[in-house]
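> Sending over a structure as structure tokens; questions will come in a sec.
The values are calculated or read from the model by the stated rules, or taken from the named source; none is laboratory data. None of these values were measured; they are calculated from a predicted model. Virtual Cβ from ideal backbone geometry, glycine too; neighbours counted across all protein chains shown. Note: accessible area is taken over every heavy atom of the protein model, side chains too, but ligands, DNA and RNA are not part of it. Shrake-Rupley method; radii C 1.70, N 1.55, O 1.52, S 1.80 Å.
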Amino acid sequence: MKTPVEEKMLVTFWGTRGSISTPGRTTEKYGGNTPCVTIENQGTRIVLDAGTGIRNLGIELVREAEAGTQLLGVHLFLSHTHWDHIQGLPFFQPAYLKDTKVTIYGSPKKERFLASVLKRQMDYEYFPVSMSALTADLRIQEMSEENLHLGPITIEWEEQGFHPGGSVRYRFSAHGRKVVYATDVELDLIFSGDPRTKEKEAAARTYLDFIAGADLLIADGMFSEEEYPSRVGWGHASIPAVIDAASKADVKQLAIFHHDPQHSDKYLDDLWVKYRSRYLAGPPKMDLFWAREGLTLAV
């Protein structure tokens, strides 16, 4: 019989910033690395996106492997191939170890495109080390219509429109708990953009169905409500749009993610105070927080 701790999925944020990494004194609290998150349960570890945060993850994985505490088999799920979501892959140490198996999952619409993108970012015009130096068993696998099972974790996915080039959202389920990773989608256009169309109505329904009842939703809330009007069409959501959608879907915990590179720790703190006080009372009651690099949650 599994203990309550064993049934929990451990979610760790390795990179929470959007667009471009922003190291420095003003981003120390929430972090400056671009998107990378891990989900772990009973020896199965899943990696979400390969932004600059994956470099520190790779260092930790190699350390574990050298200590003999964890075999190096990496399952990497990409939401899409925009630069901030793949730029850390050339610096991911396990990919240079021949005894490591790295499987990269992505949209079936972009399987060939994904392979070429990953190869091109290591072209000698842009990077001094070629992709041939990645001596790990590197495989690219397109998602299928059937649910994927990795250890005790079931993975479901859907294509997301309303982001330039599209993206994929993922739902991870184990022991009756659900974690949803749904970054890079412009929810404002889906839920309140005019004119209302059948496409937007369908997108709103499928989004709410996908995140419904999630124990944790990790969602792109890049802009404040004051910023969003000047950024319509950029493919990212305003914080109120994310919170409203999560509230409608009875999400239990919401992590605002993909922070704007211009948002300092103080600015994000001020946003947290503003929106948390607005939504704290509910109903429904939802734990709202800003994703922070280095944070681990037991879900």
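> Quick one: Lys29 ticks every box in (1) open to solvent by less than 20 Å² (accessible area, probe 1.4 Å); (2) of a type outside the set (Val, Ile, Thr); (3) at pLDDT 95 or above; (4) not in a strand (DSSP E or B) bar one, so which box is it?
Condition (1) is where Lys29 drops out.
> Sort out which residues of the range 253-279 are touching a strand residue (DSSP E or B) at 6+ places or on another chain (Cβ under 7 Å) and either part of a helix (DSSP H, G or I) or at pLDDT below 95 (or both), and write them in order of number. Quick ask: steps written out before the conclusion?
Initially, the range 253-279 is screened for residues touching a strand residue (DSSP E or B) at 6+ places or on another chain (Cβ under 7 Å), giving 253-261, 268, 272, 275-276, 279.
Matches in the range 253-279: Leu268, Trp272, Tyr275, Arg276, Tyr279.
> Which one of these is free of Cβ contacts under 8 Å to residues at least 40 places away in the same chain and assigned to a loop (DSSP other than H, G, I, E, B): Gly58, Gly51? Lay out the reasoning, then the answer.
Working: Gly58 fails: assigned to a loop (DSSP other than H, G, I, E, B).
When all the criteria are applied, what remains is Gly51.
> Taking the range 172-199 as the region of interest, how many residues are open to solvent by 10 Å² or more (accessible area, probe 1.4 Å), within 25 Å of Gly18 (Cβ to Cβ) and either touching a strand residue (DSSP E or B) at 6+ places or on another chain (Cβ under 9 Å) or among the basic types (Lys, Arg) (or both)?
Of the residues in that region, 2 qualify.
> In addition: Please work out if Gly213 is over 17 Å from the mean Cα position of the chain (by Cα) and assigned to a loop (DSSP other than H, G, I, E, B). If you could, list the steps in order and put the result at the bottom.
Working: over 17 Å from the mean Cα position of the chain (by Cα): yes; assigned to a loop (DSSP other than H, G, I, E, B): yes.
When the stated conditions are applied, Gly213 passes them.
> Looking at the range 58-75, is at least one residue open to solvent by 40 Å² or more (accessible area, probe 1.4 Å), within 14 Å of Leu138 (Cβ to Cβ) and out of contact with any Leu (no Cβ under 7 Å at 6 or more places or on another chain)?
Looking for residues that are open to solvent by 40 Å² or more (accessible area, probe 1.4 Å), within 14 Å of Leu138 (Cβ to Cβ) and out of contact with any Leu (no Cβ under 7 Å at 6 or more places or on another chain), one finds at least one in the range 58-75, hence yes.
> With Arg276, Arg171, Arg205 as the choices, which residue is out of contact with any Leu (no Cβ under 7 Å at 6 or more places or on another chain) and without any contact (Cβ under 8 Å) to a residue 24 or more places away in the chain?
Values: Arg276 fails: out of contact with any Leu (no Cβ under 7 Å at 6 or more places or on another chain); Arg171 fails: without any contact (Cβ under 8 Å) to a residue 24 or more places away in the chain.
When all the criteria are applied, what remains is Arg205.
> Follow-up question, since we're still on this one. Do we find a residue being touching a Gly at 6+ places or on another chain (Cβ under 9 Å), exposed (fewer than 15 other Cβ atoms within 10 Å of the Cβ) and among the aliphatic types (A, V, I, L, M) anywhere in the range 47-56? Break it down stepwise before answering.
Step one: of the range 47-56, the residues touching a Gly at 6+ places or on another chain (Cβ under 9 Å) are 49-56.
Then drop every residue that is not exposed (fewer than 15 other Cβ atoms within 10 Å of the Cβ), which leaves none.
The answer is no; no qualifying residue exists.
> Considering only the range 95-116, how many residues are under 12 Å from Thr81 (Cβ atoms) and crowded, with 17+ Cβ neighbours inside 10 Å?
5
> Name the residues in the range 126-164 that are open to solvent by 60 Å² or more (accessible area, probe 1.4 Å), at pLDDT 85 or above and assigned to a loop (DSSP other than H, G, I, E, B), would you?
Pro128, Thr135, Asn147, Gly151, Pro164
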